[in-house]
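See structure below.
The values are calculated or read from the model by the stated rules, or taken from the named source; none is laboratory data. The model shown is predicted, which means the values in this text are computed figures rather than measured ones. Please note: Cβ atoms are built from the backbone with ideal geometry, for glycine as well, and neighbour counts cover all protein chains shown. For the accessible areas, the whole protein counts, side chains as well, though only heavy atoms, and no ligand, DNA or RNA atoms are used. Shrake-Rupley method; radii C 1.70, N 1.55, O 1.52, S 1.80 Å.
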Amino acid sequence: MARRAQGAGAEAKGGLLLIAPPAIYALLLLLAPLLLLVVYSVLTDGYLEILHQFTWANYHEAWTNPLYRGVMLRSLAVSLLVTVATVLLAFPVAYFVSFHVEPSRKSTWLFLITIPFWTSYLIRVFLWKVILGYNGVLNAGLMKFGVISEPLTFLLYNTNSVVITLAHAYAPFAILPIFVALEKIDRSLLEASQDLGESRIVTFLRVTLPLAMPGVVAAVLIVFIPTIGDYVTPQLVGGPEGRMVANLIQLQYLRLDNYPLGSALAISAMGIVAVISAVFLLFTRRYLKGTK
């Protein structure tokens, strides 16, 4: 028993030594800036300086000012739309590759799905700007086929263009985790469901979808969390109607030199993400329990 205890202690020490470097790295580069934001958010802004006076005025301004509150609600709405659109479009692709593509060709399909990663994110955003522009590819094609008589003006520099661009940019991030979850499903369970008289639709709803939910949950979180704080896409294709909370934070930090208010906006956005993510995880957990 003593030898086993010593062996377990040695393994624990070895594990701590193994995780110590990344843990310290995470503390220094993730926790420290977050704590700095929290401290800044409760300080008072002075003229070209930060006054070390505790105040809740920054959070009050962030949540009561119609401009800031409207931008945060717009960011939440855009992120939810992007998440829903991306996951709904990604699931059929992942399902097709998992269930209808021969095993020898699945790697080729996954390779094709990752092709957008070959170019930088900034270039992909600029390409959508070219596609959706007033004289862009989409308008030119529609005019050539006689669908429209003059270019459409609502395609670019608004919320629609932000949703379209972000949905395309994050599609591979949604497809891959859903595909992995579908690949782990035992096909004999689907055969057993159909042998018991269930239709393909019922089998999908009662067997395939619940078993694929871990991948769907991962896809939702992977898309939702970063898109609500995206800065580049709203800046380039959003226009005044498509600006999001990250653009507002950049304005406070770099243009208005108001670090406390910018920090309060950043903490508020992270709080919104945390609450929505927790509610979603709770809902999916109850859904999975109900399907058992």
### Query
So which pairs qualify, if the first residue must be in segment 173-190 and within 11 Å of Ala218 (Cβ to Cβ), the second must be outside any helix (DSSP H, G or I), the Cβ gap must be under 9 Å, and the two must be at least 6 apart or on different chains?
Leu176/Thr114
### Query
Being charged (D, E, K, R), under 25 Å from Leu221 (Cα atoms) and modelled with pLDDT of 80 or more, is that true of even one residue in segment 42-62?
no
### Message
Give me the helices (runs of 4 or more DSSP H) completely within segment 23-134, filtered to those with at least 2 residues that are open to solvent by less than 80 Å² (accessible area, probe 1.4 Å), within 28 Å of Ala212 (Cβ to Cβ) and not hydrophobic (A, V, I, L, M, F, W, C), ordered by residue number.
### Response
66-100, 103-113, 121-132
### Boolean, Glu198 is of a type in the set (Asp, Glu) and modelled with pLDDT of 85 or more
no
### Task
Run Asp257 past the list (1) under 26 Å from Leu35 (Cβ atoms); (2) touching a residue at least 12 places away in the same chain (Cβ under 8 Å); (3) part of a helix (DSSP H, G or I); (4) not hydroxyl-bearing (Ser, Thr, Tyr) and report the number of the one that doesn't hold.
(3)
### Query
Do we find a residue being farther than 23 Å from Pro240 by Cα, at pLDDT 85 or above, in contact with a Leu (Cβ under 8 Å, 6 or more places away or on another chain) and not basic (Lys, Arg) anywhere in segment 120-141?
no
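Regarding Phe173, is this residue within 20 Å of Val232 (Cβ to Cβ), open to solvent by 30 Å² or more (accessible area, probe 1.4 Å) and either of a type in the set (Phe, Trp, Tyr) or at pLDDT 90 or above (or both)?
Yes, satisfied.
Identify all residues within segment 135-162 that are more than 26 Å from the chain's Cα centre (by Cα) and assigned to a loop (DSSP other than H, G, I, E, B); write none if there are none.
Selection gives Asn135, Gly136, Phe145, Gly146, Val147, Ile148, Ser149, Glu150, Pro151, Leu152, Thr153.
Conditions tested, residue by residue: (1) β-branched (Val, Ile, Thr); (2) within 19 Å of the chain's Cα centre (by Cα).
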{"position": "Ser199", "(1), (2)": "no, no"}
{"position": "Thr208", "(1), (2)": "yes, no"}
{"position": "Ala212", "(1), (2)": "no, yes"}
{"position": "Ile225", "(1), (2)": "yes, yes"}
{"position": "Leu236", "(1), (2)": "no, yes"}
{"position": "Met244", "(1), (2)": "no, yes"}
{"position": "Ile249", "(1), (2)": "yes, yes"}
{"position": "Asp257", "(1), (2)": "no, no"}
### Task
Please name all residue pairs, on different chains or six or more residues apart, with Cβ atoms under 6 Å, provided the first residue is in segment 239-251 and is farther than 12 Å from Tyr68 by Cα and the second residue is open to solvent by 60 Å² or more (accessible area, probe 1.4 Å) and not in a helix (DSSP H, G or I).
Gly239/Tyr157
### Message
Name the single residue that is farthest from Tyr47 (Cα to Cα) among those in segment 259-270 being open to solvent by 30 Å² or more (accessible area, probe 1.4 Å) and either out of contact with any Phe, Trp or Tyr (no Cβ under 7 Å at 6 or more places or on another chain) or β-branched (Val, Ile, Thr) (or both).
### Response
Met270
### Message
Quick check on my filter: what residues within segment 40-54 are free of Cβ contacts under 8 Å to residues at least 60 places away in the same chain and of a type outside the set (Phe, Trp, Tyr)?
### Response
Gly46, Glu49, Leu51, His52, Gln53
### Summary
Taking segment 248-269 and keeping residues more than 18 Å from Ser75 (Cβ to Cβ) and in contact with a Ser or Thr (Cβ under 8 Å, 6 or more places away or on another chain) leaves Pro260
